[in-house]
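Working notes, structure below.
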């Protein structure tokens, strides 16, 4: 098992990986993260391509913050959001375990298929 913890806390408790997946489940939040790859941005800048209010954008940002995907700073009167990539690395580590699983399954299938007789009559 990887170093990514899959929390065993009380019912309803959310482990960090679950929070990241929940945040990434929404296409608007994924688009916001894509925007933040270019650099820090204000709520107004992040919300520009979406038909939503500033408070709605802020609500999405709070979900991303809670998941550790975004941090908020302070510059004069604004609080620009900045992408934090570490949780994405944890998701990639978790998914990597499944890639290895499927590669082993495919390797076993390849081994099995290579043992089958190549009989021309079977193709007809």
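The values are calculated or read from the model by the stated rules, or taken from the named source; none is laboratory data. Keep in mind it's a predicted model, so treat the numbers as computed, not measured. A quick note on method: Cβ atoms are made from the backbone with ideal geometry, for glycine too, and the neighbour counts reach across all protein chains shown.
Checking each residue in the stretch 57-78 for being surrounded by 14 or more Cβ atoms within 10 Å (Cβ to Cβ) and not in a strand (DSSP E or B) picks out 57, 58, 60, 61, 63, 64, 65, 66, 67, 68, 69.
If you check every pair at least six apart or on different chains, which have Cβ atoms under 9 Å apart with a residue in the stretch 45-73 that is touching a residue at least 60 places away in the same chain (Cβ under 8 Å) first and a residue that is outside any loop (DSSP other than H, G, I, E, B) and surrounded by 14 or more Cβ atoms within 10 Å (Cβ to Cβ) second? Listed by first residue and then by second, the contacts come to nothing, as the list is empty. Condition (residue is at pLDDT 95 or above, within 19 Å of the chain's Cα centre (by Cα), farther than 30 Å from residue 101 by Cβ and part of a strand (DSSP E or B)) applied to the stretch 26-46: is it met by at least one residue? No, the stretch 26-46 contains no residue that is at pLDDT 95 or above, within 19 Å of the chain's Cα centre (by Cα), farther than 30 Å from residue 101 by Cβ and part of a strand (DSSP E or B).
May I ask you to verify whether residue 7 is outside any helix (DSSP H, G or I) and modelled with pLDDT of 85 or more? No, not satisfied. Residues that are assigned to a strand (DSSP E or B), surrounded by 13 or more Cβ atoms within 10 Å (Cβ to Cβ), modelled with pLDDT of 85 or more and within 15 Å of the chain's Cα centre (by Cα) do not occur anywhere in the stretch 85-97.
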